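The structure under discussion appears below in the form of structure tokens.
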Amino acid sequence: MVRLLAAATITGVLAAAVAFPAVGGAGLTVKSATEELHLLPEELKEPPLAEKTTLLDMNGKQFAQFYYENRESVKLDKVSDIMKTAIVAIEDFRFYEHGAIDPEGTLRAAVKNFAGGSIQGGSSITQQYVKLVLVNAAETPEEQSAAIEQTLERKLNELRYALAIEEKYTKSEILERYLNIAYFGAGAHGIQAAAKRFFGKPASKLNLVEAATLAGAVQNPNRTDPNVGKASRERLLERRNTVLSRMAELGKITQQEATEAKAKKLGYKDVQVPGGCDESPYPYFCLYAQNELLNDESFGKTPEDRRKLLQRGGLTIKTTLDPKMQSASEKAIKKFVKASDKPVAAQAMVVPGTGAIRAMAASRDFGRNKKKNQMSYNLAGDVQHGGGTGFQAGSTFKVFTLLTALSKGFKLNDGFSTGSGYSASASSTFRDCKGNPVGIPDHTVQNSSEGEGGFNTLTTGTQHSVNTFFMRLEQEVGLCDVVKTAKSLGIKRADGNKLNEVETFTLGVNEMDPVTVAAAYAGIAARGAYCKPMAITEIRDRVNKATQYKPKCQQVLDEEVADAAAHIMSGVFTKGTMSQYGGIGRPAAGKTGTTDGYTAAWFAGFTPDMASAVSLGDPRGAFRHDLTGVTIGGTYYPYVYGATISGRIWKYSMIDALKGIDPTPFNAVDKDRFGGCTRCAPKPPPKPDKPGDSPGQGDGNGNGNPRDNGTIDNGNNDGNGGWFGGRGIKKRPNARGGR
């Protein structure tokens, strides 16, 4: 019956074409039309509709979405009955009675079209669905134009496809597909997105007035787009009332209901639909997660394929983000650094043993408004994850030299004496992993104000961050082995370039990002198990098929080596560079990082449960805009060290982030392996007979005790501190990094 009606209708169209051999300039004659026309149904390819992708935090709450078209497809039973009634009444009131086409409407339209020379109206909902599928499938402007061109040939092609659609689906299935593909204006594709955009409610809750409004919008959504202006809203109101009149005429509602509904205001709520990371409350984490997908070839062969999947694939991505820890990070950063400050602080928190990123924050708001001091790239991540080039990591890198030394058999109290400056011949002392000599022979590394030389052990040298000690230690264990240790813990430059394997590698001359540094320190916290940073735990596709993502971990250090390093680094809070600010009330270890010339300041640390890294620097150029004589967070600082701001951000954020989590102790140090010393401190010189001839003596607590005119130097825990150096000179701290 359907095909007979279609054939009869097409016969009528062809009959009209006899009288008009060339229709609308299309040049389609009776002969060509007959040759082109196939009365048998033709299968229509229906590509998946563009669906929005949503990002969820670890608790399942949405915090970002991406879309090419704002669409959220729903089943027909999730659409209110009055909405279904309204759309059928105005678009195709005999929808449930006819087949692929409405013969009565098509013949009536054909007479008008041939008389006027254009193709208009007469389309059934099925035909409209076909046209929208063809438009959505178009990849180029030319294909889009061909999908909507006003020619008889295009119309006949739609009829063939419509025949196939009517045989393939039930009427309810066709209506469901039509409602999900239709454009309603204001950037809303599909009935669910339109209901939320126009009225702030799901399609299942639409009432008569709202349903009539949306039913009226589909005819010419660009002309009645309520977001454009007053004139468009007036046209939409007029169109809504037309729908109400038609529903009353068909007996779907009473005249009184129509009259009362027409008296209502339009009621457009203009509900904003945020899209992309710009409008996410957690933009830096959002950027990281977004780039995780865009960089993964399992989601598409090309970057463009992966971007299309992100914007159109209807994915639901569950991430590792913890809103509580994110809030702790943001709160701590705001406590010390203002969004209007030129220097910027950034932080990342990573779970030891999994690599899960729990928080990613920065002091500046995300955006492209330079007047508001916004940043348009990920301050906490690397270039691969939408970040910048990072900042030199400073003395946070000394940890990799410490780990290498412990791995090579050094004990906690092993050490040696160094002066306040260190220089070495590049041709004989430091070589990169290719065996090439590196370094500048005439360059002298200076200590910071805290460590001017003398005898230091692994313990005191780390806690007081003595530059010359670590240069000597790197020389002893080998530059290449230190580089290998760092790489095993995931260390790579933020800009994606190769690491600079130079003699000052241990002093952190490579630019880093907080996520990478935090993940490396998390590897120590996990007793040597490094886990690649991860932001995504699950992805569900549009048909709810889930793919789980597990941690990617590898044991890269002996557990005992990691335990010993954690033991040494815990002293940073009690006896070292963070002792002024104290710990966090639970076992914790860390390392400050101030670069040479105060170009950047870091703090990285961990508990057994969480690792974090905080960077501070000026994105305008760290060397041109160093951290000396600066006002940050309303406070003036002559010099900014790693502990000054970054260390305190780390402290307060970790205290908040770990609330409610029972403290976990570190594993005890293996005393058989790391106790005692093989490179022990030299015996102090004999006590002089005369005052003024004695160098300073250590007090056994890491503090140099000058006697008479002796040199002020840092001591160490074995009571020999401060003996190294000349007599009668009180050394002044130099303006060097390394704390």
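The values are calculated or read from the model by the stated rules, or taken from the named source; none is laboratory data. Quantities reported herein were computed from a predicted structural model and do not represent experimental measurements. Cβ coordinates were reconstructed from backbone atoms using ideal geometry, including for glycine residues, and neighbour counts include every protein chain displayed. Please note that ligands, DNA and RNA were not included when accessible areas were found on the heavy atoms of the full protein model with its side chains. Shrake-Rupley method; radii C 1.70, N 1.55, O 1.52, S 1.80 Å.
Only residues that are free of Cβ contacts under 8 Å to residues at least 24 places away in the same chain and either of a type in the set (A, V, I, L, M, F, W, C) or part of a helix (DSSP H, G or I) (or both) were counted across segment 140-153, and they come to 8.
Kindly indicate whether any position in segment 597-604 is touching a Pro at 6+ places or on another chain (Cβ under 9 Å), surrounded by fewer than 24 Cβ atoms within 10 Å (Cβ to Cβ) and outside any strand (DSSP E or B). Within segment 597-604, none of the residues are touching a Pro at 6+ places or on another chain (Cβ under 9 Å), surrounded by fewer than 24 Cβ atoms within 10 Å (Cβ to Cβ) and outside any strand (DSSP E or B).
For segment 572-596, filtering for residues that are surrounded by fewer than 20 Cβ atoms within 10 Å (Cβ to Cβ) and not in a loop (DSSP other than H, G, I, E, B) leaves 1. Only one of the numbered conditions (1) more than 22 Å from the chain's Cα centre (by Cα); (2) modelled with pLDDT of 95 or more is not met by A519, and that is (1). Looking only at residues of segment 178-209 that are without any contact (Cβ under 8 Å) to a residue 60 or more places away in the chain and over 19 Å from K75 (Cα atoms), we find that the one that is surrounded by the most Cβ atoms within 10 Å (Cβ to Cβ) is G185. Before we move on, is V556 touching a Phe, Trp or Tyr at 6+ places or on another chain (Cβ under 7 Å), closer than 30 Å to D296 by Cα, of a type outside the set (S, T, N, Q) and open to solvent by 10 Å² or more (accessible area, probe 1.4 Å)? Yes: the conditions hold for V556. Checked against the criterion of being part of a helix (DSSP H, G or I), open to solvent by less than 50 Å² (accessible area, probe 1.4 Å), within 17 Å of E43 (Cβ to Cβ) and not hydroxyl-bearing (S, T, Y), the candidates L175, L163 yield just one match: L163. E538: open to solvent by less than 60 Å² (accessible area, probe 1.4 Å), among the acidic types (D, E), in contact with an Asp or Glu (Cβ under 8 Å, 6 or more places away or on another chain) and more than 15 Å from L403 (Cβ to Cβ), yes or no? No. Scanning segment 491-504 for residues that are touching a Ser or Thr at 6+ places or on another chain (Cβ under 8 Å) and either hydrophobic (A, V, I, L, M, F, W, C) or crowded, with 21+ Cβ neighbours inside 10 Å (or both) yields I491, A494, E503. Only one of the numbered conditions (1) surrounded by 18 or more Cβ atoms within 10 Å (Cβ to Cβ); (2) under 24 Å from Q192 (Cα atoms) is not met by Q326, and that is (2). Does D432 qualify as being buried (at least 21 other Cβ atoms within 10 Å of the Cβ) and among the charged types (D, E, K, R)? No; evaluated as a whole, the condition is false for this residue. Just one of the listed residues (G528, G523, G508) is under 16 Å from Q554 (Cβ atoms), surrounded by 24 or more Cβ atoms within 10 Å (Cβ to Cβ) and of a type in the set (G, A, S), namely G523.
Would you mention how many residues in segment 242-261 are open to solvent by less than 40 Å² (accessible area, probe 1.4 Å) and either touching a Pro at 6+ places or on another chain (Cβ under 8 Å) or closer than 20 Å to N222 by Cβ (or both)?
Step one: of segment 242-261, the residues open to solvent by less than 40 Å² (accessible area, probe 1.4 Å) are 243-244, 247-248, 253, 258, 261.
Filter once more, keeping what is either touching a Pro at 6+ places or on another chain (Cβ under 8 Å) or closer than 20 Å to N222 by Cβ (or both): 243.
Qualifying residue count, segment 242-261: 1.
Of all residue pairs spaced 6 or more apart or on separate chains, those with beta-carbon atoms under 8 Å, a first member in segment 25-54 that is closer than 19 Å to Y129 by Cα and at pLDDT 50 or above and a second member that is of a type in the set (F, W, Y) and surrounded by fewer than 18 Cβ atoms within 10 Å (Cβ to Cβ) are A50/Y68.
Out of curiosity, is A426 at pLDDT 95 or above and among the small types (G, A, S)? No, not satisfied.
Among the residues of segment 299-307, not a single one is modelled with pLDDT of 95 or more and surrounded by 17 or more Cβ atoms within 10 Å (Cβ to Cβ).
Out of segment 466-490, which residues are under 20 Å from H385 (Cα atoms), in a loop (DSSP other than H, G, I, E, B) and open to solvent by 10 Å² or more (accessible area, probe 1.4 Å)? Within segment 466-490, G490 is the sole residue that qualifies. Restricting attention to segment 338-355, the residues that are closer than 12 Å to M610 by Cβ and open to solvent by 10 Å² or more (accessible area, probe 1.4 Å) total 4. Within the set T213, T224, the sole residue that is assigned to a helix (DSSP H, G or I), β-branched (V, I, T) and either within 25 Å of E176 (Cα to Cα) or open to solvent by less than 20 Å² (accessible area, probe 1.4 Å) (or both) turns out to be T213. Against the criterion of being assigned to a strand (DSSP E or B), touching a residue at least 12 places away in the same chain (Cβ under 8 Å) and either open to solvent by 20 Å² or more (accessible area, probe 1.4 Å) or under 17 Å from V515 (Cα atoms) (or both), A613 qualifies.
How many residues, within segment 36-92, are in a loop (DSSP other than H, G, I, E, B) and surrounded by fewer than 18 Cβ atoms within 10 Å (Cβ to Cβ)? So the answer is 16. Y639 meets all of the listed conditions (1) in contact (Cβ under 8 Å) with a residue 12 or more places away in the chain; (2) open to solvent by less than 60 Å² (accessible area, probe 1.4 Å) but one, namely (2). Scan segment 122-137 for residues that are part of a helix (DSSP H, G or I), open to solvent by less than 30 Å² (accessible area, probe 1.4 Å) and not hydroxyl-bearing (S, T, Y) and jot them down. Passing the criteria: I125, Q127, V130, V133. If I go through segment 322-374 residue by residue, how many of them are in contact with a Cys (Cβ under 9 Å, 6 or more places away or on another chain) and either modelled with pLDDT under 95 or not in a strand (DSSP E or B) (or both)? Count: 6.
Scanning segment 616-636 for residues that are open to solvent by 10 Å² or more (accessible area, probe 1.4 Å) and on the phi < 0 side of the Ramachandran plot turns up P619, R620, A622, F623, R624, H625, D626, T628, V630, T631, T635, Y636. Would segment 458-466 turn up any residue that is in contact with a Phe, Trp or Tyr (Cβ under 9 Å, 6 or more places away or on another chain) and of a type in the set (G, A, S)? The answer is yes; a qualifying residue exists. Of all residues in segment 262-292, those satisfying the criterion of being surrounded by fewer than 19 Cβ atoms within 10 Å (Cβ to Cβ), modelled with pLDDT under 95 and of a type in the set (A, V, I, L, M, F, W, C) are V271, V273.
Can you tell me which residue in segment 95-116 is modelled with the highest pLDDT, limited to those that are open to solvent by 40 Å² or more (accessible area, probe 1.4 Å) and out of contact with any Ser or Thr (no Cβ under 8 Å at 6 or more places or on another chain)?
Y96
Could you say whether any residue in segment 386-402 is open to solvent by 10 Å² or more (accessible area, probe 1.4 Å) and of a type in the set (V, I, T)? Looking through segment 386-402, at least one residue is open to solvent by 10 Å² or more (accessible area, probe 1.4 Å) and of a type in the set (V, I, T).
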